[in-house]
Amino acid sequence: MRIIVSIDTDTFVGDDGLDPAAASLAELLRAGHEVVIVHGAPAETQAVTGSRLVRALDSVLVGRTVVALVTHAQVGAHDPQVSLPDGPRVRPQAVPEAQVVRELLADGTVVVCGGGIPVLRERGTARLRTVPVTVDPDRTAALLAVELDADILLFLTGATHLFAAGGHGRPRPLLRLTPDELSGVRLPEAVVTRAAVAADFVTRTGGVAAIGPVDNALGILLGTTGTQIRPAPASVRETAPSSD
């Protein structure tokens, strides 16, 4: 299967956690999956973080080619947030390097991408111009997953699961649910956007999204840890009331 992995770089500040993350990603590759890794380092340190990931993966993937790409996240010229640099993060509309990534995957290459340097395509010249906004790397990963026809969108974090926000009791780990079920769960504010991006990918593509610990990527796919968001079974969709 083709898997796009969005990895939270906060899980390996400095060198701590980098080797376990590389070993976790290597397990996916040894299981026969195609893997593209998207990290959330800021634009100015994208190349450095990509290099660190390549070196860590190269040490555990003998015989595999691993490359890092400096990638861009193209935003819309008419997005009102583009003119508000201090506002919310802007939604990316395209990853210009997607076709290059596809070609590298076809050659068996493991690809490491940044979360995307925000750019606009100028009218007339069609040149890419950087813009002083912020793009959510999770949304860039999800967009790339759609553009590459990925089967799975995987978010690797420092937590074992998504947890439903606790009331008077303890937070409840979420194991497997549909996008509609996820929308009805009260989540901690810090993970609301990531959960929404995951659910949107599943709804849009019919694929699977999952969120779980950075040191056990394969376990997330196998369902032994993490949270999986899957489409509703066909029988449920067919019996759902019409919105007409």
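Where a number appears in this text, it was derived from the coordinates with a stated rule and is not lab data. Keep in mind it's a predicted model, so treat the numbers as computed, not measured. Counting neighbours? That spans all protein chains shown, and the Cβs are built from the backbone with ideal geometry, glycine included.
Along the stretch 208-214, what does the Karplus equation 6.51 cos²θ - 1.76 cosθ + 1.60 (θ = phi - 60°) give for ³J(HN,Hα), rounded to whole Hz, x for Gly and Pro?
Karplus-based 3J(HN,Hα) across the stretch 208-214 equals 10, 10, 8, 9, x, x, 5 Hz.
Compute the relative contact order of the chain as a whole-number percentage, counting only Cα pairs closer than 8 Å that sit 6 or more residues apart in sequence.
Numbers: 497 pairs, mean separation 51.3, N = 244.
Reported as a whole number, the value is 21 percent.
Say each of Arg2 and Val100 gets a label point 7 Å from the Cα, pointing the same way as Cα to Cβ; how far apart are those two points in nm?
Spacing of the two 7 Å Cα→Cβ label points: 1.8 nm.
Provide the per-residue ³J(HN,Hα) series for the stretch 181-188, in order, calculated from phi with Karplus coefficients 6.51, -1.76, 1.60 and θ = phi - 60°, each as a whole number of Hz, with x at glycine and proline positions.
Ordered by residue, 3J(HN,Hα) equals 5, 5, 5, x, 9, 7, 10, x Hz.
Which ³J(HN,Hα) values, rounded to whole Hz and listed in residue order, are derived for the stretch 96-104 from phi using the Karplus coefficients 6.51, -1.76 and 1.60 in 6.51 cos²θ - 1.76 cosθ + 1.60 with θ = phi - 60°, glycine and proline given as x?
Ordered by residue, 3J(HN,Hα) equals x, 8, 4, 5, 5, 4, 4, 5, 5 Hz.
Out of all DSSP beta bridges in the chain, what portion is antiparallel? Express it as a percent rounded to 5.
25 percent
Roughly how many nanometres apart are two label points built 7 Å out from the Cα toward the Cβ at Val48 and Leu128?
Rounded to a tenth, the inter-label distance reads 2.2 nm.
Given H placed 1.01 Å from N in the peptide plane, which residues other than close sequence neighbours of Ala94 have an amide H under 5 Å from its amide H?
Gln74
Arrange the following residues from fewest to most other Cβ atoms within 10 Å of their Cβ: Phe155, Phe12. Before the final figure, lay out the partial values.
Numbers: Phe155 28, Phe12 22.
So the ranking, lowest neighbour count to highest, is Phe12, Phe155.
For Leu187, enumerate residues with amide H under 5 Å from its amide H, sequence gap 5+ or separate chain, H modeled in the peptide plane.
The answer is Ala165.
Can you give me the P(r) profile for the stretch 85-160? Cα pairs, bins 5 angstrom wide beginning at 0, each as a whole percent.
3, 13, 21, 23, 18, 13, 6, 2, 1, 0
Please express the Cα-Cα pair-distance distribution P(r) of the chain as a list of whole percents, one per 5 Å bin, running from 0 to the bin with the greatest distance.
1, 6, 14, 17, 19, 17, 12, 8, 4, 2, 0, 0
What are the residues whose amide H is under 5 Å from the amide H of Glu34, where those residues sit 5 or more places off or on another chain and H is modelled from the backbone?
For Glu34, whose amide H was placed from the backbone, the distant partners under 5 Å are Arg2, Ile3.
Arrange the following residues from fewest to most other Cβ atoms within 10 Å of their Cβ: Asp107, Asp10, Asp58. Provide the component values of the computation, followed by the final result.
Details: Asp107 7, Asp10 11, Asp58 14.
Going from sparsest to densest Cβ surroundings: Asp107, Asp10, Asp58.
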